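Visitor: Structure provided below as structure tokens; questions to follow.
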Amino acid sequence: MAEIQVSSFPKSLGCKAGVVLNPATPVSAIEYVIEDVDLILVMSVNPGFGGQGFINSQVKKIAQIRALCDEKGVNPWIEVRLWRHTRKRFTTYFSFHLRCP
């Protein structure tokens, strides 16, 4: 239960709480805190290595996160950082799947 206490700590100070999913981290890792977070950042590349291209498996992960949010009745901000050349490929997909405040 320590993980849940950590996720509620920022809110107890009047701050917003968020989680970050690296490409290899499954969506199931945030199921237990999805109702407590205000932001979910989906890393579209592995952190720490420059010049990488978008990891396409993250598109499926974003859809899974959106489905989980719908199932739980929550609507956190879901953010994915995309470079300009990648944005054009996914604009339609993201605008359909992400309902952000």
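The values are calculated or read from the model by the stated rules, or taken from the named source; none is laboratory data. Since this is a predicted model, take the numbers as computed values, not measurements. Ligands, DNA and RNA are stripped out before the accessible areas are found, and what is left, the full protein with its side chains, is counted by its heavy atoms. Shrake-Rupley method; radii C 1.70, N 1.55, O 1.52, S 1.80 Å.
Visitor: Could you sort F9, F54 by accessible area so the largest value comes first, with the probe set to 1.4 Å? Intermediate results must be reported in sequence, preceding the final value.
Guide: Values: F9 125, F54 30 Å².
Correct descending sequence by accessible area is F9, F54.
Visitor: While we're on this one: Ignoring ligands, DNA and RNA, what percent of the 1.4 Å accessible area of the range 1-75 is carbon and sulfur?
Guide: On the way: 2510 of 4390 Å².
Carbon plus sulfur share of accessible area: 57 percent.
Visitor: Roll a 1.4 Å probe over the protein heavy atoms and report the accessible area of L41 in Å², nearest 10.
Guide: Roughly 40 Å² of L41 is accessible to a 1.4 Å probe.
Visitor: Quick one: ranking E79, E31 by accessible area, 1.4 Å probe, largest first, what do you get?
Guide: Accessible-area ranking of E79, E31, largest first: E31, E79.
Visitor: Right, another one. Leaving out ligands and nucleic acids, note down the accessible area per residue over the range 18-69 with a 1.4 angstrom probe, in whole Å². Spell out each step's value before the answer.
Guide: Working: 2470 Å² over 52 residues.
For the range 18-69, the per-residue accessible area is 48 Å².
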